[in-house]
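The values are calculated or read from the model by the stated rules, or taken from the named source; none is laboratory data. Here the structure is a predicted model, which means the values were calculated and not measured. Reconstructed Cβ throughout: ideal geometry from the backbone, glycine too, with neighbour counts over all protein chains shown.
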Amino acid sequence: MQVESLSTFSTVAISLFSALLFFCGYFFGKWKSVAEIKSLLKVRKNSYLLGQMVKDDEQKKGMAQAYYDSETALREMDTYNWDATALILSPFVGYAPAPAKEKDFQINSNQFRAAENIISPKQKNAYRLFLVGGSTAFGSGAPDQERTIGGYLKTHLKNNSSKEARTYEVFTVAAAAWSSAHERIAIENLVSEMEPNIIVSLSGNNDAHWGWNFKNTMWFRSYADNHFWKLINAANASAGYETIADPIENREKVLPPEEIARIMKKNVDVECHILSSAGAKHYFLLQPIIPLTGKALTVREKKILSAWHPDQIDYHRECFKLIAIELKSLEQKYEHFHFFDFTGVFDDLTMADEVFLDSYHFGDKGYDIISKCIYKLIRGEVA
């Protein structure tokens, strides 16, 4: 009898211990999955502001010189927007900035950087301009909405207009790491339907960037896409489901510059066709980047350039050269299309002039210079 009781006790103890192990494993797995989700969200949130990206005080002092008011920039840099308050899922392009209405940062209901929503039909005296691109066009690092390229451009249009009754609307359609494929989809599916008068594309770098990083620029996931992909799989793990197999084939070498240029021409050609039907002018500007500028670099800017591998510089130079050739040829096909190389937009600045925050983002000085150059190009269209 005592033996039977002992055996029963042992069986119950083993069962309880097994159950305990099961529940510990279950809750540990659950905790691990939730912890991964929280970690992913925390990493993403910590990229929103410039001050969160730059920790070194000396580096901040140098970057502050890229702003008109360097003292204020140094003091307030931790509040300057870098990567939108949040990038959320968006139809067809994958992701775009989340709508927001903050003091120095506004994203409208269409996920465009603008305080105003699109009015349809367009008001009679409205002139509607769309600035399209990646994080440079978006204005990463700008102190506020008015000191982005789009913000400055709106001011220049308003201050120099000869038509008092005309209202100028400027909408920035851009997101960090967008390629020309994202831009083409945004123009084709959305912008062309919004009665545009003129579209200004500031682009080129991201296609070369992704090509250098072994991506097919017509079929890849960007940083934000990967963030959402990891969140989905973390959620699956938390719910006890298997992770989803990755359908994107990883390349083993860089995308040839000829392919970068061919794909960009293909995307811009589609944009031109769509915009010709919409009756809109289209300006494409090949954006300035530090390895291709003719500017006399400051000590800090030289340090930024030194991080580039010589082969990487040669690759971007070849990509930009071929892109310029391919896109310039579209001017013969489309009367409303104009191509300009903006890589030399800072060439007149001296070694004493800080303008680059990193390889392709700027303080308000740089964004203002770019906006003035754009205005000089388009003022004949908008006068």
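Please go through the stretch 155-193 and give me each residue that is among the hydrophobic types (A, V, I, L, M, F, W, C) and either touching a Phe, Trp or Tyr at 6+ places or on another chain (Cβ under 7 Å) or at pLDDT below 95 (or both), ordered by number. Selection gives 157, 165, 171, 173, 174, 175, 176, 177, 185, 191. Residue by residue through the stretch 91-111, note down the ones that are outside any loop (DSSP other than H, G, I, E, B) and in contact with a strand residue (DSSP E or B) (Cβ under 6 Å, 6 or more places away or on another chain). Once the filter is applied, which keeps residues that are outside any loop (DSSP other than H, G, I, E, B) and in contact with a strand residue (DSSP E or B) (Cβ under 6 Å, 6 or more places away or on another chain), the stretch 91-111 yields 95, 96, 97, 100, 105, 107. Looking at the stretch 360-380, can you tell me whether even one residue there is surrounded by fewer than 17 Cβ atoms within 10 Å (Cβ to Cβ), in contact (Cβ under 8 Å) with a residue 60 or more places away in the chain and more than 18 Å from residue 144 (Cα to Cα)? Taking every residue of the stretch 360-380 in turn, at least one turns out to be surrounded by fewer than 17 Cβ atoms within 10 Å (Cβ to Cβ), in contact (Cβ under 8 Å) with a residue 60 or more places away in the chain and more than 18 Å from residue 144 (Cα to Cα).
Please work out if residue 80 is surrounded by 14 or more Cβ atoms within 10 Å (Cβ to Cβ), under 24 Å from residue 368 (Cβ atoms), modelled with pLDDT under 95 and aromatic (Phe, Trp, Tyr). Yes; evaluated as a whole, the condition is true for this residue. Elements of the type helices (runs of 4 or more DSSP H) sitting completely within the stretch 276-383 and holding at least 3 residues that are basic (Lys, Arg) and out of contact with any helix residue (DSSP H, G or I) (no Cβ under 7 Å at 6 or more places or on another chain): these cover 310-329, 364-382. Here the stretch 67-77 is the region considered, the condition is being free of Cβ contacts under 8 Å to residues at least 40 places away in the same chain and buried (at least 17 other Cβ atoms within 10 Å of the Cβ), and the residue that is nearest to residue 353 (Cα to Cα) is 70.
Quick check: anything in the stretch 31-51 modelled with pLDDT of 95 or more and either on the phi > 0 side of the Ramachandran plot or touching a strand residue (DSSP E or B) at 6+ places or on another chain (Cβ under 7 Å) (or both)? Within the stretch 31-51 (the criterion being modelled with pLDDT of 95 or more and either on the phi > 0 side of the Ramachandran plot or touching a strand residue (DSSP E or B) at 6+ places or on another chain (Cβ under 7 Å) (or both)), the answer is no, since none of the residues qualifies. Selection of the stretch 271-327 for residues being without any contact (Cβ under 8 Å) to a residue 40 or more places away in the chain and surrounded by 17 or more Cβ atoms within 10 Å (Cβ to Cβ) yields only 324.
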